[in-house]
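Okay, structure first, notes after.
The values are calculated or read from the model by the stated rules, or taken from the named source; none is laboratory data. Not measured: the values here are computed from a predicted model. Every residue, glycine as well, gets a Cβ built from its backbone with ideal geometry; the counts of neighbours run over all protein chains shown. Accessible surface areas use protein heavy atoms only, side chains included; no ligands, DNA or RNA. Shrake-Rupley method; radii C 1.70, N 1.55, O 1.52, S 1.80 Å.
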There are 2 protein chains.
Amino acid sequence: VGEDTLGTVGEDGLIASVLVRYGPSPALVRVGPGDDAAVLDLAGPVVVSTDTLVETHDFRRDWSSGFDVGVKTAAQNLADVAAMGARPVALLVSLAAPADLPARFARDLADGLADECARAGASVVGGDVSAASEVVVTGTALGVLDGGRPAVLRSGARPGDVVALAGVTGPSAAGLALLLAGRGPDDGDAAAVAVRAHLAPRPPYEAGPAAAAAGATALIDTSDGLLRDAGRLAAASGAVLDLDPAALAPGADLVAVAALLGAADPAARALEWALAGGEDHALLACFPAGTALPAGFRAVGAVRAGDPGVLVGGRPWTGPTGWHHFT
Amino acid sequence: VGEDTLGTVGEDGLIASVLVRYGPSPALVRVGPGDDAAVLDLAGPVVVSTDTLVETHDFRRDWSSGFDVGVKTAAQNLADVAAMGARPVALLVSLAAPADLPARFARDLADGLADECARAGASVVGGDVSAASEVVVTGTALGVLDGGRPAVLRSGARPGDVVALAGVTGPSAAGLALLLAGRGPDDGDAAAVAVRAHLAPRPPYEAGPAAAAAGATALIDTSDGLLRDAGRLAAASGAVLDLDPAALAPGADLVAVAALLGAADPAARALEWALAGGEDHALLACFPAGTALPAGFRAVGAVRAGDPGVLVGGRPWTGPTGWHHFT
C-alpha cells in the first residue's frame with residue numbers, strides 16, 4: 001500500500017487530521033478553526049501581515065520537511081508583526097498543493113506551524129486548503145500592541161539615533177549556499193546551524209514589543225537582507241543609516257562555513273552574507289541616543305542626516321544588496 | 001516592444017503601481033500597505049478568514065480577467081466574514097505568479113479587489129508578491145461585530161427555526177457549465193448573467209450583519225454548494241434542515257441556460273445547479289420561528305429534530321451534493 005496523499009485522504013480528512021495538531025485555543029480565541037471564520041477577542045489596534053512560500057522558489061521538498069516549511073511560514077509572518085512592535089497572537093494558513101502530496105507533509109506542516117506559533121505565544125486560528133500544481137503556503141499573522149503604544153514604523157528614525165540589531169544576519173544565506181553546493185548538516189556544527197537557520201528560522205519575536213516599550217523610533221524585519229531592509233528604513237525616515245562593520249563582523253561559525261565552501265576570502269564572503277543575505281528575520285531598530293537597549297539588541301550603527309541611504313563604515317557598500325523577486 | 005510583465009516591472013514597480021489603485025485608507029486603517037504590517041483600529045472582537053484561488057483549478061486566464069479574479073478573491077473572503085454576522089473591514093492579498101505574467105493582469109487584479117472591497121465597505125490593507133509557476137491568489141479578510149453582538153456560528157440552529165436564504169444559488173454553476181461548453185456571455189442575457197456570477201460573484205454582504213441583528217441562530221456561506229453547506233450547518237447544530245423545493249425552484253433564467261446547453265430536462269438540471277452548485281456565496285441562515293426576516297432573506301425551509309442532515313421536501317436528495325477539493 002502506498003503512502004496517504006491529499007487525494008486519498010481528501011479535504012475533510014486532511015483538515016480533521018490537521019486541526020488536532022493545533023491543540024486547544026487560548027482564551028482570546030472565541031471561535032477557532034471550523035466555522036466560516038475565526039473570532040478573536042482583541043481589545044485594541046490589530047496588526048496584520050501576510051506572506052507566501054512557494055515550492056522551488058522559496059523551499060525545496062528534498063531539503064525541507066513539512067515541519068520546516070511550517071516553522072518558516074509561521075516565522076516569516078509572525079516576524080513582520082513583531083517588526084511593528086506588536087505581540088503576535090494568531091496565524092491563518094492557506095495551503096495549495098497537488099493531490100499527490102503526501103498527507104504526512106501537510107500534517108508535519110501543521111506541527112511546524114504549531115511549534116513556531118507556540119514559541120511566539122500565538123496560535124493557528126484558521127486556514128484553507130486548495131488544489132494546485134505546486135505547494136504554495138500563505139500565512140497571515142495578527143498581533144496586538146500592548147500598553148496602548150503606537151506601532152513602530154520604518155519612518156521614525158532621526159539623526160543621532162542609535163541603530164541596533166536583535167538576532168543575527170547571514171546564517172540563512174550561508175545555509176542556502178551550503179545546500180546549493182550539495183553540503184549539509186553533516187558537515188559540522190557550523191554547517192548544521194546555518195542549514196537549520198535557512199530551513200527553519202527562529203526569529204527573536206520578543207525583541208519587537210521590547211523595542212516598542214524602550215521607545216524605538218523605527219523598526220523593520222531583515223527578511224530581504226540587512227542592507228536592503230536598512231535602505232527601506234532609511235528611505236522611509238529620510239535619513240542615513242551608517243552601519244559599523246566592526247559591530248557586524250560575522251562570527252567564526254559563518255567564516256568557517258565560507259571556508260568549508262572554498263571561498264578565496266572566507267571573512268569577506270561571510271561579511272557579504274551578513275550584510276546582504278535574506279530570510280534571517282532579525283529585527284533592526286533605531287533608538288534615541290542614550291537609550292538603554294532592551295535585552296537581545298546590540299548597537300550596530302548610527303543615524304545621520306543626509307541623502308537617505310545606507311553606508312557601511314561611512315562609505316557606500318558595493319557588494320550584493322539583497323533579495324529581489326522576479327528579477 | 002512587448003507588454004510589461006512582472007519580470008520586467010519587478011517587485012517594487014509592481015507594488016507601487018498596485019498601491020495607487022487601492023486609494024486612500026479609511027480612518028480605521030492607522031497604517032496601510034508599505035510597512036512590515038498594517039495596523040487596524042478595531043474596537044472589539046475581530047473576525048478573520050482566509051481563502052485561496054489557484055489558476056486552472058479555480059479560474060482560467062482565458063475566461064477571467066485580472067479584474068474578475070480580484071473581485072472573486074475579495075468576494076470569497078469577505079463573504080466568509082459576513083457569514084459570521086460581521087461587517088467586513090479589511091482584506092490582505094498575497095499574489096504568487098510567474099515572472100512572465102502580464103503586469104496588466106496584476107494591476108487589473110488590484111482594481112477588482114478594490115472594487116469589490118468598496119461594495120463591501122472594506123479596504124485592502126496589505127499584501128505580498130512572490131514568484132511561482134502558476135497564479136495563486138490568497139486573501140485574508142477581517143471584520144468586526146457591531147453592537148457587541150456575538151458571532152453567528154453554524155451550530156446554533158434549533159428545531160422549529162425557519163431556514164432562510166439571502167442571494168441566489170445556481171448561477172455560478174450554470175456559468176461554469178456554459179464556459180466548459182464553449183458558450184459565453186454572447187449567448188443571451190441569461191447566459192451573460194450566469195457567466196458573470198461565475199467569474200466575478202457579488203455576494204450580499206449586508207445580509208450577514210442584518211441576520212445577526214435580527215437574531216439569527218446559525219449562519220453559513222454557500223461557497224461549496226447549498227446542500228453541502230446546509231449539511232455542515234445541520235451537522236454542527238445537531239438538527240435536520242428540511243429545504244422546501246418550491247422555495248428553491250430555480251428561476252426562468254437558470255432553466256433557460258440549461259435549455260441552451262441542451263439538457264434533456266432543463267428544470268431538473270437547473271434545480272441541480274441551485275442545490276449543488278458552488279461559489280455563489282449566498283448566505284444561509286436560521287431564525288427563530290416568527291422572526292421578521294431581514295431585507296434580502298426569503299424562507300426556504302425549516303429546522304426539525306432528528307439525525308443531523310439535509311432533506312429536500314422531507315426526503316434525502318440523491319443528486320450531486322457539491323464541490324470537494326482533491327477528490
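Okay, here's what the table says:
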| read-out | value |
| --- | --- |
| Stretch gain in nm, segment B:Val20-B:Thr318, where the contour uses 0.36 nm per residue and the Cα spacing is subtracted | 102.3 nm |
| Solvent-accessible area buried by pairing A with B, both sides, nearest 100 square angstrom, 1.4 angstrom probe | 5000 |
| Ranked by how many other beta carbons lie within 10 Å on average, peptides B:99-110, A:176-187, B:168-179 from highest | B:168-179, B:99-110, A:176-187 |
| Rough spin-label spacing in nm, given labels placed 7 Å along Cα→Cβ, for A:Asp115 and A:Arg60 | 2.1 |
| Gyration tensor verdict on region A:255-299 (Cα atoms; rounded if a/c is under 1.5, prolate if a/b is larger than b/c, oblate otherwise) | prolate |
| Within chain A, helix-based [θ] at 222 nm, where runs of 4 or more DSSP H residues each add -39,500 (n - 2.57), nearest 500 | -10500 deg cm²/dmol |
| Solvent-accessible surface ranking, highest first, for B:Trp63, B:Trp273 at 1.4 angstrom | B:Trp63, B:Trp273 |
| For region B:78-207, share of DSSP beta bridges that run antiparallel, in % to the nearest 5 | 55 |
| R0 of 41 Å, Cβ-Cβ distance A:Ala268-B:Leu180: FRET efficiency to nearest 0.05 | 0.10 |
| Size-normalised alpha-carbon gyration radius of region B:201-327, reference 2.2 N^0.38 Å | 1.07 |
| Share antiparallel - DSSP beta bridges, the protein assembly as shown, percent rounded to 5 | 75 |
| Rounded percent of accessible protein surface that carbon and sulfur make up, the protein assembly as shown, 1.4 Å probe | 54 |
| Order by protection proxy (mean Cβ within 10 Å, highest first), peptides A:299-308, B:46-55 | B:46-55, A:299-308 |
| Shortest-first nm distances, A:Pro245 label point to equivalent points in other copies (7 Å, Cα→Cβ) | 8.2 |
| Label-point separation, B:Ala99 to B:Asp189 (7 Å along Cα→Cβ), nm | 5.0 |
| Heavy-atom accessible area ranking, 1.4 Å probe, most first, across A:Ser65, A:Ser133, A:Ser123 | A:Ser133, A:Ser65, A:Ser123 |
| Shape category assigned to region A:61-187 from the gyration tensor of Cα positions, a/c cut at 1.5 | oblate |
| Accessible surface, the protein assembly as shown, averaged per residue in Å² (probe 1.4 Å) | 36 |
| Computed over the protein assembly as shown, Cα set: Rg, Dmax in Å | 25.7, 82 |
| Candidate residues B:Asp265, A:Asp58, A:Asp221: accessible-area rank, largest first, probe 1.4 Å | B:Asp265, A:Asp58, A:Asp221 |
| Local electrostatic count, B:Met84, Cβ distance below 15 Å [Lys/Arg +1, Asp/Glu -1] | -4 |
| Fraction of antiparallel bridges per DSSP, region B:1-128 only, in percent to nearest 5 | 30 |
| Peptide B:76-85 - average C-beta neighbours from other chains (10 Å radius) | 3 |
| Per-residue SASA entry for A:Arg30, accessible area with 1.4 Å probe, Å² rounded to 10 | 130 |
| Prolate/oblate/rounded label for chain B (Cα gyration tensor, a/c 1.5) | oblate |
| Ascending list, in nanometres, of distances separating the A:Ala264 label from those of the other copies (7 Å, Cα toward Cβ) | 7.8 |
| Rg ratio (alpha-carbon, reference 2.2 N^0.38 Å) - region B:117-232 | 1.31 |
| Peptides B:86-93, A:152-159 ordered by average Cβ neighbours within 10 Å, highest first | B:86-93, A:152-159 |
| Peptide-level mean, for B:89-98, of C-beta atoms on other protein chains within 10 Å | 4 |
| Rotationally averaged projected area of region A:30-110 (alpha carbon convex hull; nm²) | 6.5 |
| Using a Förster distance of 25 Å, the FRET efficiency for A:Asp146-A:Arg304 (Cβ separation, nearest 0.05) | 0.20 |
